[in-house]
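Take a look at the structure below.
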Amino acid sequence: MLISKYLVEPRLFATLPPDWRWVFGREAPLEVEIGFGNGEFLAEVASRHPENNYVGFELTLTCIEKAARKFHAAGLTNVRMVRLDGRFGLRELFPDASVRRVIVNFPCPWPKARHAERRLVNEEFARTLAAVLEPGGAFELTTDALFFAEEAKGNLEATGCFDVQGPREIQGEPRTRYERKWRSQGRAIYRLVAEKAAPAKIERIAEGRMPHVRLKTALDKEDIPKVVVGLKEVWPRGAFVVKEAFVAPVGDEVLLRAFATDGDFSQHFFISVSKDRKGWIVQLDSATVPFRTPAVKRAVYAVAEHLQKEGNI
């Protein structure tokens, strides 16, 4: 119950980006934390600044549960959580010039060269920041990895959209358990602040209506898995594959488990191939609600095209 009080499911919104004024029930300056961990910092900053609204991104359910307990104990009403990759969420869930501040505390620096593409503050992320931050809004990064902060600075400056201060070593009271841990080990802590000086244009992909396709051919449900399992397509910015099929023991329906990627964002979902009084239809199954990305849409259309081409299987 505590989680449901604070957790937002953006996949259920009819349109994206959502209207955060409706989500919070008020209009207020909006700040975002990416990777809030156990919610320690987010609970503290939301308590100190009740005049602001806060949105936090995290993937780990355990962290979300811990954070919800902190928010409830503090009686907070100005914070919401989203269980989603923060890079994707920042781009898709916030309109241009709508966020006052984006905060990242101690993200994984991925120090090995072969993992460099996983680092958070790449040039694409920097352009997303330049789009969603208000004029004069700020991105604040705190880390114990100086190389990571310096690389972030380079990517932010490469956009031509930011005035960057730091990274500089900081002192003062630790804000998170990671900061306390690193300080206890004698590590230096660095902070970088990038203020938006110019906007950037970005392309959002989780938009539009979900597809469905009526087929003009007869199907045998037992044969559908033989035709579509293993179906896949790959293109420069995306891919999908149909992994397996489940045939309903009663009624005319087959569920296809699929996997799709759009850039570095991945989703698992089900496609339903079912028969009603009008014939066979291919559509997303309601048990899963993926974001309406190009790869998800293409998977539905490709399954329909493949079944239509086979005809009378």
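The values are calculated or read from the model by the stated rules, or taken from the named source; none is laboratory data. Computed from a predicted model, the values in this text were never measured in an experiment. Note: ideal-geometry Cβ built from the backbone for every residue, glycine included; neighbour counts use all protein chains shown.
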From the list LEU93, LEU129, LEU133, exactly one residue is modelled with pLDDT of 95 or more, aliphatic (A, V, I, L, M), touching a strand residue (DSSP E or B) at 6+ places or on another chain (Cβ under 6 Å) and under 18 Å from ASP264 (Cβ atoms). Which is it? LEU129
Would the range 97-113 turn up any residue that is within 19 Å of LEU141 (Cα to Cα), of a type in the set (Lys, Arg) and at pLDDT below 95? no
Elements of type strands (runs of 3 or more DSSP E) in the range 192-278, at least 3 residues being out of contact with any helix residue (DSSP H, G or I) (no Cβ under 8 Å at 6 or more places or on another chain) and surrounded by 12 or more Cβ atoms within 10 Å (Cβ to Cβ): 238-247, 253-262, 265-276
I'd like the full set of residues that are more than 23 Å from the chain's Cα centre (by Cα) and either aliphatic (A, V, I, L, M) or at positive phi (or both), limited to the range 116-162. GLY136, ALA145, LEU146, ALA158, GLY160
PRO95 vs. criteria surrounded by 14 or more Cβ atoms within 10 Å (Cβ to Cβ) and out of contact with any Leu (no Cβ under 9 Å at 6 or more places or on another chain): yes
Of the conditions (1) of a type in the set (Lys, Arg); (2) without any contact (Cβ under 8 Å) to a residue 60 or more places away in the chain; (3) under 20 Å from ALA206 (Cα atoms), ARG298 satisfies every one except a single condition; which number is it? (2)
What helices (runs of 4 or more DSSP H) completely inside the range 13-83 contain at least 1 residues that are closer than 23 Å to THR142 by Cβ, among the basic types (Lys, Arg) and under 21 Å from the mean Cα position of the chain (by Cα)? 61-73
